[in-house]
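First comes the structure, then the notes that go with it.
The values are calculated or read from the model by the stated rules, or taken from the named source; none is laboratory data. Remember, it's a predicted structure, so these values are computed and weren't measured experimentally. Ideal geometry is used to build each Cβ from the backbone, glycine not excepted, and the neighbour counts take in all protein chains shown. Protein only, heavy atoms only, side chains kept; ligands, DNA and RNA dropped before computing areas. Shrake-Rupley method; radii C 1.70, N 1.55, O 1.52, S 1.80 Å.
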Amino acid sequence: MLASAGLPLKKWASNVPEALADIPPEDLAIKPFHDLQDDQSVSTLGLVWDTKTDMLRFNVDLPLPAPILTKRKVISYIAKIFDPLGLVGPTIATAKLFMQRLWKLKNEDNAPYEWDRPIPQKLQDEWKQFHATLPILADIRIPRFVSLAAVSKVELHFFCDASDAAYGACCFIRSLNNDQVKVQLLTSESKVAPLATKHTIARLELCAAVLSAKLYQKVEHAIKLSTDVYFWTDSTTVIQWLQSPPNRWKTFVANRVSTIQSNTEIAAWRHVPGVENPADELSRGLQPADLVNQSRWWNGPKWLWEFPAHWPVSNVPEEEYITVIEEARKVTLISLNADEQFANQLFARFSNYTTLRRVVAYCMKYIKALQATLIS
């Protein structure tokens, strides 16, 4: 159809050679005649796809850091680390945290640091050390196909976590075929904690849960599969918040609880011990060398490869923590001990409730003014 309009499709590629049998050689992304040493990969969506092994990898093509680093220069380097799926989210989180530290810098007049002014030497040395390790990301190989070849069941597992510096959520796809189980990272998102307002860890954990719910909406829209969905958090406070109606909590918590309850099933939320939560890497960040061999990040916690009987049991206490109660909306009870006959006469004198309130308010104001006069 496109060829008939003068728009022939080019750069065809596939991990199955038979699929390209009828494609003219000039329209292929990888030429059929090549040296065995040639790289058989194509660039797609910011990643590099090796069609022979069907693996994804990163092309980290950063120039050497400038001798003198400025805020503008460092942020331009960070922008070149393109990760559309969040596969190297912990390392991106480390870069985000460094960028936030740059935003916090102040000059002698307590004004924001100038864009082209050299940043402090300590930060320059720290960035150069981190910059030198970024090419390690090119050694990472990620299977493009995230499932088993034939599946009887597919599950989505979302993990979320927060620290005082950042919070994030990640999604793993768990596929089953009889006794075979495969778990692989699908995508992730992370955010740094806001600078303007200092939130408690419990509130940031709730923000991470919201991020997890929104990530689920994106994944559900993208893959369009009938799957069982599980949400995991290491915060029992968040789970207790979610088990109550939003109007019970203060505005900050109520709005976020409402968002989560509208987009997810509360019964799907479970508690996971913090040491077994892969989203912990997003909330604290990881150096590239540590990320490469972090199996919990790439394949989830070990128990996720087992049957559900081996999964963590959600031991959420029935009593509420102090942090839970602190977010409860205060309710003021007013008791009126007025003579019933007087109340009936008062309501009988006015046909409009607004007028009645205004008259009573003037009377109360007069009584308070009279009391103040008598006391003085």
Hits in segment 251-310 (condition: under 19 Å from the mean Cα position of the chain (by Cα) and acidic (D, E)): E265, E276, D280, E281
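Which of the residues spanning segment 264-273 are in contact with a Phe, Trp or Tyr (Cβ under 7 Å, 6 or more places away or on another chain) and either aromatic (F, W, Y) or closer than 16 Å to D228 by Cβ (or both)?
Filtering segment 264-273 for residues in contact with a Phe, Trp or Tyr (Cβ under 7 Å, 6 or more places away or on another chain) gives 264, 268-270, 272.
Result: T264, A268, W269, R270.
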Do any helices (runs of 4 or more DSSP H) lying entirely in segment 227-326 carry at least 3 residues that are open to solvent by 50 Å² or more (accessible area, probe 1.4 Å), and which ones are they? 251-263, 322-326
Find all pairs meeting these conditions: Cβ atoms under 8 angstrom apart; at least six residues apart or on different chains; first residue within segment 171-186 and outside any strand (DSSP E or B); second residue of a type outside the set (K, R). N178/S152
Are there any pairs, at least 6 apart or on different chains, whose C-beta atoms fall under 9 Å, with the first in segment 85-102 and over 12 Å from V192 (Cβ atoms) and the second open to solvent by 30 Å² or more (accessible area, probe 1.4 Å) and of a type in the set (K, R), and if so, which? P90/R284
Filter result (open to solvent by 20 Å² or more (accessible area, probe 1.4 Å) and of a type in the set (A, V, I, L, M, F, W, C)) within segment 177-201: V181, L186, V192, L195, A196, I201
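On the basis of being open to solvent by 50 Å² or more (accessible area, probe 1.4 Å) and small (G, A, S), does S212 make the cut? Before you say what the answer is, go through the steps one by one.
Details: open to solvent by 50 Å² or more (accessible area, probe 1.4 Å): no; small (G, A, S): yes.
So S212 does not fit the description; no.
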